[in-house]
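The values are calculated or read from the model by the stated rules, or taken from the named source; none is laboratory data. Computed from a predicted model, the values in this text were never measured in an experiment. Neighbour counts run over all protein chains shown; Cβ positions are idealised from the backbone, glycine included. The area values use the complete protein model at the heavy-atom level, side chains included, leaving out ligands, DNA and RNA. Shrake-Rupley method; radii C 1.70, N 1.55, O 1.52, S 1.80 Å.
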Amino acid sequence: QVQLVESGGGLVQAGGSLRLSCAASGRSTFSRHVMGWFRQAPGKEREFVAAITWSGGRTSYQDSVKGRFTISRDGAENSVYLQMNSLKPEDTAIYYCVAQMWYGSGWPDEYLYWGQGTQVTVSS
C-alpha cells in the first residue's frame with residue numbers, strides 16, 4: 001500500500017517561502033508514477049497545484065503558481081518537494097501530496113493515493 005507523508009507546512013508572512021516535503025513508501029520504485037500536490041482552502045474545492053513525472057522530470061503547474069512554486073523529486077529518497085516562494089495570502093490552504101501510476105504522455109485525471117495534508121498559512 002502506497003503511503004504519502006507530508007511535512008514542512010506552517011505560518012509565513014506574505015512574500016515569504018516554505019518548502020513542503022512528501023515521503024513516499026510502499027513501492028520498491030516509483031519510476032512509473034506521477035507525483036504531485038493539490039491544495040484545499042477553507043470553503044473552496046480542492047485544486048491542482050503541480051505535478052512531476054518520477055523518471056523524466058516533466059512538470060506541470062497551475063497558472064497561479066507558475067514562476068513562484070517549483071516541484072522536484074529525489075528518486076533515491078523517494079521524496080517529492082514543493083518549493084513555494086513569494087507566497088500570497090491566497091495560497092493559504094491544506095496541501096496534499098498525491099501519487100498515481102501513469103504510463104501516458106499527458107497527465108492523470110485522477111490520483112489514487114493521497115497524503116493526510118499539511119497546513120500552509122500565509123499572513124498579510
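So which residues in the range 101-122 are touching a residue at least 12 places away in the same chain (Cβ under 8 Å), open to solvent by 40 Å² or more (accessible area, probe 1.4 Å) and either of a type in the set (Ser, Thr, Tyr) or under 22 Å from Ser55 (Cβ atoms) (or both), if there are any at all?
Quick first cut of the range 101-122, residues touching a residue at least 12 places away in the same chain (Cβ under 8 Å) only: 101-103, 107-108, 111-122.
With the extra rule that they be open to solvent by 40 Å² or more (accessible area, probe 1.4 Å), the set shrinks to 101-103, 107, 112, 114, 116, 119, 121.
Met101, Trp102, Tyr103, Trp107, Leu112, Trp114, Thr121, listed by residue number.
Residues in the range 71-80 that are surrounded by 12 or more Cβ atoms within 10 Å (Cβ to Cβ) and touching a residue at least 24 places away in the same chain (Cβ under 8 Å): Ile71, Arg73, Gly75, Asn78, Ser79, Val80.
Matching residues to (1) at pLDDT 95 or above; (2) farther than 16 Å from Gly104 by Cβ:
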residue: Glu6; (1), (2): yes, yes
residue: Val12; (1), (2): yes, yes
residue: Gly15; (1), (2): yes, yes
residue: Ser21; (1), (2): yes, yes
residue: His33; (1), (2): no, no
residue: Gly36; (1), (2): yes, no
residue: Ala50; (1), (2): yes, yes
residue: Trp54; (1), (2): no, no
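Taken together, the residues in the range 1-22 that are open to solvent by 40 Å² or more (accessible area, probe 1.4 Å) and either among the polar types (S, T, N, Q) or over 16 Å from Gln119 (Cα atoms) (or both) amount to 6. Taking each residue of the range 44-70 that is assigned to a loop (DSSP other than H, G, I, E, B) and surrounded by 15 or more Cβ atoms within 10 Å (Cβ to Cβ) and looking for partners that are of a type in the set (Phe, Trp, Tyr) and modelled with pLDDT under 95 with beta-carbon atoms closer than 8 Å, six or more apart or interchain, yields Trp54/Phe30. Ala99 fulfils the conditions (1) out of contact with any strand residue (DSSP E or B) (no Cβ under 7 Å at 6 or more places or on another chain); (2) assigned to a strand (DSSP E or B); (3) small (Gly, Ala, Ser) except for a single criterion, (1).
Consider the range 23-43. How many of its residues are in a loop (DSSP other than H, G, I, E, B) and open to solvent by 30 Å² or more (accessible area, probe 1.4 Å)?
Quick first cut of the range 23-43, residues in a loop (DSSP other than H, G, I, E, B) only: 26-32, 41-43.
Narrowing the set further to residues that are open to solvent by 30 Å² or more (accessible area, probe 1.4 Å) leaves 26-29, 31-32, 42-43.
Count: 8.
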